[in-house]
Amino acid sequence: PGLTVLVCAFRYWSGTSDYEAASEKAGEPAAYLRGTGREPRPEFIAGAKALGLKPKLSRYALGPDYHEVLKGKLGSMLADITEAHAGVQGKAFADTSPVLEKELGRLAGLGFRGKNTLLISEELGSYFFIGGLALSLELRPEELSVPAAARTGCGVCGKCAAACPTGALGGTGVLDPGLCLSYWTTQSKTAAPEEIIRKAEGYVYGCDICQAVCPYNKKVDSR
C-alpha cells in the first residue's frame, strides 16, 4: 500500500462542549484515567494540589482513548473501500506509525501549520485528531481550493507563544519539547523538573493552553 493517502480530521471538541462540566463529570483525574494506560504523573497531581489548584486534564483526555476510537472508524472506512475496489490493500494510521500526520493533513488541505505547531482548520480550529489510510489505490488528485485561513495562517498573532507558561513556543512554529507540558505529562519517562511542575497551571495530563487562546478555536467556540 502507498499510492494514495486518505487523511481525515476527527473533531473531539466543539463550541457546544463545556470544559468545566466535562471535568466535573470526569471527577478526580487519577481515578478517571486509572487502568487506561493514560494515568497522570503523580508529581503533577501533587504539584497542583500543593499550589491549591484543581488537577486538570486536557480536553482530548476527557474522552475515550482516541487510538481505539480512530482505529475503529478507519477500519470501517477501509472495509468499505476494499469492498468497493477489489484487490485494494490499505493500512490505517492514527498516531500509531512513524507518519507525519500533521504535514500530510496540510498537504491534503485540512488546514495550515500554526505557530503552536498544530494543524489548524478554519472550520474546526485545532481540536481534532488526525488519522488516515495508506491505500494501494491510485486516485487522480483534484485541484484544491485553499481556504483563506491557509493563505494567511497565523499572521502576526502570537497568542499561543505568549500564553505558554514554560516558554516552549518561540512564536515561529517551533516547539521545544523539553519545555512542553504535554510532553512532560504524557510522554516523558523521567521525573519532571520542579520548575515545569510549578508552571503547569494545574494540568496533570496533556495541556490545552496554546489551543485555548487561539483565535481560530475562539471562533469555533462562538458558533
Could you sort Asp80, Asp176, Asp208, Asp65 by their accessible area in this structure, using a 1.4 Å probe and putting the largest first?
Asp80, Asp176, Asp65, Asp208
Per residue, in Å², the accessible surface of the chain once ligands and nucleic acids are set aside, probe 1.4 Å:
55 Å²
Sum up the charges of everything whose Cβ sits under 10 Å from the Cβ of Leu119, counting Lys and Arg as +1 and Asp and Glu as -1, but leave Leu119 out.
+1
Formal net charge of residues neighbouring Gly167 (Cβ-Cβ distance under 15 Å; K, R +1; D, E -1)
+1
Per residue of region 57-70, in order, report the coupling 6.51 cos²θ - 1.76 cosθ + 1.60 (Karplus, θ = phi - 60°) as ³J(HN,Hα) in whole Hz, putting x for Gly and Pro.
10, 4, 4, 5, 7, 7, x, x, 4, 5, 4, 6, 4, 5
Bridge type composition, the chain - antiparallel percent by DSSP, nearest 5:
90 percent
Unsatisfied cross-links (Cα-Cα over 31 Å) in the set Lys91/Lys159; Lys25/Lys199; Lys73/Lys159; Lys71/Lys199
Lys91/Lys159; Lys73/Lys159; Lys71/Lys199
Would you calculate, for the chain, the mean residue ellipticity at 222 nm contributed by helices, counting each DSSP H stretch of 4 or more residues as -39,500 (n - 2.57) and dividing by all residues, to the nearest 500?
-9000 deg cm²/dmol
The list (i) 0.94; (ii) 1.02; (iii) 0.99 gives values of Rg/Rh (Cα atoms, Kirkwood Rh), and only one came from this structure; which label was calculated from it?
(iii)
Sum of side-chain charges, Gly131 neighbourhood, beta-carbon under 11 Å (Lys, Arg +1; Asp, Glu -1):
0
What part of the accessible area of the chain, given as a whole %, is carbon or sulfur when the probe is 1.4 angstrom?
55 percent
Each residue of region 195-208 in turn: what ³J(HN,Hα) in whole Hz from Karplus with 6.51, -1.76, 1.60 and θ = phi - 60°, glycine and Pro shown as x?
5, 5, 4, 5, 9, 6, 6, x, 5, 10, 8, x, 7, 10
Long-range amide H partners of Phe128, meaning residues 5 or more apart or on another chain whose placed amide H is closer than 5 Å, are Tyr12
Highest mean first, how do 154-164, 126-136 rank when packing is the count of other Cβ atoms within 10 Å averaged over residues?
126-136, 154-164
Could you list which residues have their amide H under 5 Å from that of Leu137, counting only those 5 or more apart in sequence or on another chain, with H placed in the peptide plane?
Gly2, Leu3, Thr4
Find which of Leu57, Ala86, Ser76 sits farthest along the positive direction of the dipole of region 38-111, computed with +1 on the beta-carbon of Lys and Arg, -1 on that of Asp and Glu, about the Cα centre.
Leu57
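The values are calculated or read from the model by the stated rules, or taken from the named source; none is laboratory data. Quantities reported herein were computed from a predicted structural model and do not represent experimental measurements. So basically every Cβ, Gly included, is an ideal-geometry build from the backbone, and we count neighbours across all protein chains shown. Accessible surface is based on the protein model in full, side chains and every heavy atom, while ligands, DNA and RNA are left aside. Shrake-Rupley method; radii C 1.70, N 1.55, O 1.52, S 1.80 Å.
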